[in-house]
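Encoded as structure tokens, the structure appears first; notes follow it.
The values are calculated or read from the model by the stated rules, or taken from the named source; none is laboratory data. It should be emphasised that the depicted structure is a prediction, and the values quoted were computed from it without experimental measurement. All Cβ positions, glycine included, derive from the backbone under ideal geometry; neighbour counts span all protein chains shown.
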Amino acid sequence: MSQAELEQVRLRFPYMFCGDQSRVDVAPGWVRVFKQACVEIDAILGDDKRGFHWTEAKEKAGFARFRGKLVFDGRTMPGVGRDLTPAEADLVELVTAARHKAEDATKTVCNVCGDHLPQRETDGGYERLCALHAVTRTKKDESNRP
Ligand SMILES: [Zn+2]
């Protein structure tokens, strides 16, 4: 289900998936959150997409990191080499806020099935699996032990 859903997102917003996509990997349960971020960022950008594209999507410490870049005058942000105009700075801020909102949302969603979790923070970060998948994974881990 989710890989097909991710493919739909790619087809709907092809510009977001240009360039090196080797580090863009969205966990199945998080595709819906990622898709919502794409929809929101597309709306923020409006007609001029500013070369926005994803550069990284991964799981770290139990929640997703979604990183993307905007392109100004042919150069990616950060590192434009000139001051951004106020309008450009606003755009960067809005896109960053949308990314962070999506990252936060993954803290309460199982990254396998997409179920919402009661929650959550553990010593090592965030619990990212629902009860069902936490149990499944624990059993599997145990059976793999020599
Ligand atoms: Zn689950």
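Restricting 21, 3, 8, 36 to those that are closer than 21 Å to residue 133 by Cα and surrounded by fewer than 16 Cβ atoms within 10 Å (Cβ to Cβ) reduces the list to 3. From (1) within 30 Å of residue 127 (Cβ to Cβ); (2) among the β-branched types (Val, Ile, Thr); (3) more than 16 Å from the ligand (Cβ to nearest atom), pick out the condition that doesn't hold for residue 76. Of the numbered conditions (1) within 30 Å of residue 127 (Cβ to Cβ); (2) among the β-branched types (Val, Ile, Thr); (3) more than 16 Å from the ligand (Cβ to nearest atom), the odd one out for residue 76 is (1). Just name the residue that is nearest to residue 65 (Cα to Cα) out of those in segment 94-128 that are among the hydrophobic types (A, V, I, L, M, F, W, C) and within 16 Å of the ligand (Cβ to nearest atom). My answer is 105. Flag: residue 136 matches the condition of being at pLDDT below 90, of a type outside the set (A, V, I, L, M, F, W, C) and either away from the ligand (no atom under 16 Å from the Cβ) or outside any loop (DSSP other than H, G, I, E, B) (or both).
The sole residue among 70, 84, 91 that is over 16 Å from the mean Cα position of the chain (by Cα), crowded, with 18+ Cβ neighbours inside 10 Å and away from the ligand (no atom under 16 Å from the Cβ) is 91.
Each row is one residue, and each column tells you yes or no for (1) touching a Phe, Trp or Tyr at 6+ places or on another chain (Cβ under 6 Å); (2) modelled with pLDDT of 80 or more; (3) surrounded by fewer than 18 Cβ atoms within 10 Å (Cβ to Cβ).
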position	(1), (2), (3)
97	no, yes, yes
114	no, yes, no
118	no, no, yes
125	no, no, yes
143	no, no, yes
146	no, no, yes
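Of the residues making up segment 10-32, those that are closer than 13 Å to residue 68 by Cβ and not in a loop (DSSP other than H, G, I, E, B) are 15, 16, 17, 24.
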